[in-house]
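Trainee: Mind having a look at this structure? Questions to follow.
What follows is calculated from the coordinates using simple rules that are stated; it is not laboratory data. A quick note: this is a predicted structure, and the numbers were derived from the prediction, not measured. Ideal geometry is used to build each Cβ from the backbone, glycine not excepted, and the neighbour counts take in all protein chains shown.
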Amino acid sequence: MDVSRVFSSETTNYIPSEAKGITAWVRWRLIVIHFSMFSVSCIIGFLRTICGIFHRRWKAKDLSGKVALVTGGANGLGRYICLRLAYEQCKIAVWMLQIFESIASLRDEIHRDFGRVDILINNVGLIGLLTLMRATQEQIEQMVAVNVTSVMLTTKLFLKDMVQQGEGHIVAISSSFGLTPSSTTVYGTTLFAIRGFMACLNQEILINNWEDKIKTTCAFPFYMATRKELTDYTENLKSFGSAFPGGMQQEFRS
């Protein structure tokens with residue numbers, strides 16, 4: 001029995017399954033497993049949050065000397081993150097471009113200058129408040145490439161290093177649009193993708209027993225007054241609920 005096809009993304013000929021009567025049992029088993037895992041994760045998350053509130057009163061996490069890579073850290077939210085990390089005495093590398101090959105070369109420079117990356121913050125992204133009908137194919141492909149593909153490839157690049165060095169923290173900046181569906185279909189879809197990517201990454205970390213080494217965080221910030229053209233646009237609306245009916249040009253979130 002050749003199972004290699006299951007772990008391949010190549011196009012292969014379709015072979016119908018010969019299984020009889022097993023799919024229903026598997027389906028219900030998966031439902032129970034996923035519901036149980038979700039319930040447990042909610043309980044654990046709640047307890048960790050409560051414990052963290054009291055723990056931080058006594059001891060803050062020491063980040064001094066840690067090396068942080070912040071993509072999209074030149075302005076906006078990314079700049080604030082860098083300033084906060086600097087306050088915590090971190091060594092910071094900032095990257096604005098979305099070209100993966102450039103990130104790969106930057107990795108070599110960071111290793112040469114700092115030796116390692118302890119914290120990866122995937123902040124760079126495009127804001128294209130476009131409906132699906134108004135977006136062009138080029139705009140859709142560009143937004144997926146920057147907001148999703150670059151995050152996955154950058155994380156893959158530095159995850160391997162973090163596992164080898166025995167510790168690391170991976171952060172992804174999504175949005176409240178990644179929690180609640182909006183009419184900005186293209187932009188919102190990429191933010192849901194980031195949310196799903198981080199959730200699946202957590203499972204991969206657990207399966208490989210890396211949970212003691214690698215920590216993850218997915219942030220969902222709400223509306224922030226970072227870009228003048230965005231705030232000017234929303235100030236002219238009668239209600240935020242009617243925002244972005246026709247779409248806006250793509251801009252850097254950071």
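Trainee: Taking loop as defined by DSSP and a crowding limit of 10 other beta carbons within 10 Å, which chymotrypsin sites (Phe, Trp or Tyr not before Pro) in the stretch 190-224 fit?
Mentor: Values: sites: Phe192, Phe197, Trp210, Phe222, Tyr223; in loops: Trp210, Phe222, Tyr223.
Sites meeting the loop and neighbour criteria: Phe222.
Trainee: Take the stretch 82-225, compute every pairwise Cα distance, and split them into 10 Å bins from 0; I just need the percent in each bin.
Mentor: In whole percents, the pair-distance histogram is 11, 38, 35, 14, 2.
Trainee: Moving on. P(r) of the stretch 109-173 in 10 Å steps, Cα pairs, percent per bin?
Mentor: All Cα pairs considered, the percentages come to 19, 40, 23, 14, 4.
Trainee: Still on this model: Fewest Cβ neighbours within 10 Å first, please rank Leu157, Leu129, Leu120, Leu85 accordingly.
Mentor: Details: Leu157 16, Leu129 23, Leu120 26, Leu85 20.
Neighbour counts put them in this order, fewest first: Leu157, Leu85, Leu129, Leu120.
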